[in-house]
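The values are calculated or read from the model by the stated rules, or taken from the named source; none is laboratory data. Not measured: the values here are computed from a predicted model. All Cβ positions, even for glycine, are placed from backbone atoms using ideal geometry, and neighbour counts span all protein chains on display. All accessible areas refer to the heavy atoms of the entire protein, side chains included, with ligands and DNA or RNA removed. Shrake-Rupley method; radii C 1.70, N 1.55, O 1.52, S 1.80 Å.
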Amino acid sequence: MNSQLDEAVAVLKRGGLVAFPTETVYGLGADAGNPAAIGKLYAAKGRPADHPVIVHVAGTANLNEWAREISPVARRLAQRFWPGPLTLILKRAPGVSDAITGGQDTVGLRIPSHPVAHALLEKFGGGIAAPSANRFGRVSATLAEHVRREFGAAVDFVFDGGECDVGIESTIVDVTGAAPVLLRPGHITARDIEQAAGIALAAPTAHSPRAPGTLAAHYAPATPLLVMEGDLLLELAATLTRQGKRVAVLARSALQPVLAGVVWIAAPQEAPQYAHDLYANLRTLDSAGCDALLVEELPQGPDWAAVNDRLLRAAAGARPSSTA
Ligand code: TXA
Ligand code: MG
């Protein structure tokens, strides 16, 4: 890992883009202190300039470089979940560039636990701005190979650290107000946050920071994606294949029918494993050249909230004409 580490740090220092693994998904990293590098990052992702990026840091030692007015609730959450798959939205410190915050008065911070991400941050020494390593609005990457395929030469270096454990992006909590607000559900659940914070989550208000990654259309494959109940899914798959269409299916139940023209993935039963495999499964099914991607509806409830959130947005975004 040492030669990859040296090269990654050198690329970051000269303002280049480095994709690297975190415990959630791969990040597309740039020196958070270098606005030109951040500009490259936005260009590579095709991301609008007013969508802020998360700053990743190695530890809490230099938090004040990035954030101000860190509340007791924020400290409790940081203490309990960092390093780990949690992003805190804090008031930004003076000097943090608009290029990172999208012009907002807040900054998203995360201390990742993945050994590669951690080593990279330690060795680099500064903050690394890193959105998920996918083109804007598309499916996130959980393998180095996903990143290479998606970006090619637009990324200067891809640090291959194997597959990501969690598989979906970090939980995002806004801790700038009196009560924390959940902006994006993740592996760390709403219940986990409330327990650690010692205070109930508040609903987002008009004053809550915008989290544009929570756009209705996001995480989308190119194949039209529909989420539906199992029996309906079987009926539709049968109808479509009768019409000569090819159908991709992501289902949890063992109801796989014998149908020609169906590409079927049996997804794990438990939410964490389902999340771990989700983006790789969506990418596999998306590349199968099918006319539709049918996903079996999942249970409701807190354990499935993050995965349901991603699937709803993937369904909303999977339109050939989508600009999200
Ligand atoms: O797990 C993750 O969070 C991954 C890994 C690489 O750390 N990163 C990630 O970044 O998912 P991204 O850019 O794909 O999603 C971050 C979300 C975006 O929706 C962005 O709008 C929101 O965080 N965000 C970042 N800074 C923010 C801020 N200051 N206020 C509100 N939302 C913010
Ligand atoms: Mg993203």
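Bridging of LYS40 to lysines at a Cα separation below 16 Å is possible for LYS13, once same-chain residues fewer than 8 apart are set aside. If both residues of a DSSP beta bridge must be in the chain, then about 40% of such bridges are antiparallel.
Distant-in-sequence amide contacts of THR87, defined by a placed amide H-H separation under 5 Å and a gap of 5 or more residues or a different chain, comprise THR171, ILE172, VAL173.
Cross-link reach is defined here as a Cα-Cα straight distance under 16 Å, omitting same-chain residues fewer than 8 places apart; for LYS245 none of the lysines meet it. Within the same chain, aspartates and glutamates fewer than 8 places from LYS123 are excluded, and of the rest, those with a Cα less than 15 Å from its Cα are ASP6, GLU7, ASP31.
Solvent-accessible surface (1.4 Å probe) assigned to LEU233 amounts to roughly 0 Å². Sparsely packed loop sites in region 229-311 (the GluC sites (Glu not before Pro) outside DSSP H, G, I, E and B with at most 12 other Cβ atoms within 10 Å) comprise GLU229, GLU270.
Over every Cα atom in region 225-323, the radius of gyration and the widest Cα-Cα span, Dmax, amount to 12.9, 39 Å. Accessible area of LEU226 (1.4 Å probe, protein heavy atoms only, ligands and nucleic acids ignored): about 80 Å². The string of couplings for region 299-308 from the Karplus curve (6.51, -1.76, 1.60, θ = phi - 60°) is x, 8, x, x, 5, 9, 4, 5, 5, 4 Hz, one whole number per residue in order, with x for Gly and Pro. All Cα-Cα distances of region 78-231, cut into 10 Å bins from zero to the largest, leave 9, 33, 38, 17, 2, 0 percent in each bin in turn.
Taking the protein heavy atoms of region 225-323 in the context of the full set of protein chains, the accessible area attributed to carbon and sulfur is 54 percent at 1.4 Å. Taking 7 Å steps out from each Cα toward its Cβ at THR239 and ALA178 produces label points 5.1 nm apart.
Here the calculated FRET efficiency for ASP231 and GLN300, from their Cβ-Cβ distance with R0 = 25 Å, stands at 0.90, rounded to the nearest 0.05. Coupling constants for region 85-91 follow from the phi torsions by the Karplus curve (6.51 cos²θ - 1.76 cosθ + 1.60, θ = phi - 60°), and in residue order they are x, 10, 10, 9, 9, 10, 5 Hz; glycine and proline get x.
Remark on the chain: Rg and Dmax equal 19.8, 62 Å (Cα only).
Rolling a 1.4 Å probe over the protein chains gives MET228 an accessible area of about 20 Å².
Taking loop as defined by DSSP and a crowding limit of 13 other beta carbons within 10 Å, which chymotrypsin sites (Phe, Trp or Tyr not before Pro) in region 147-190 fit?
On the way: sites: PHE151, PHE157, PHE159; in loops: PHE159.
Listed in order of number, the matching sites amount to none.
To the nearest Å, what is the center-to-center distance of region 1-73 and region 87-122, using C-alpha atoms only? If we compute the Cα centre of each part, the gap is 7 Å.
Between the amide H of HIS218 and those of ALA314, ALA316, GLY317, distances stay under 5 Å, these residues lying 5 or more places away or on another chain, with hydrogens modeled in the peptide plane. For region 225-323, averaging the sequence separation of C-alpha pairs within contact (under 8 Å, six or more residues apart) and dividing by the residue count gives a relative contact order of 37 percent.
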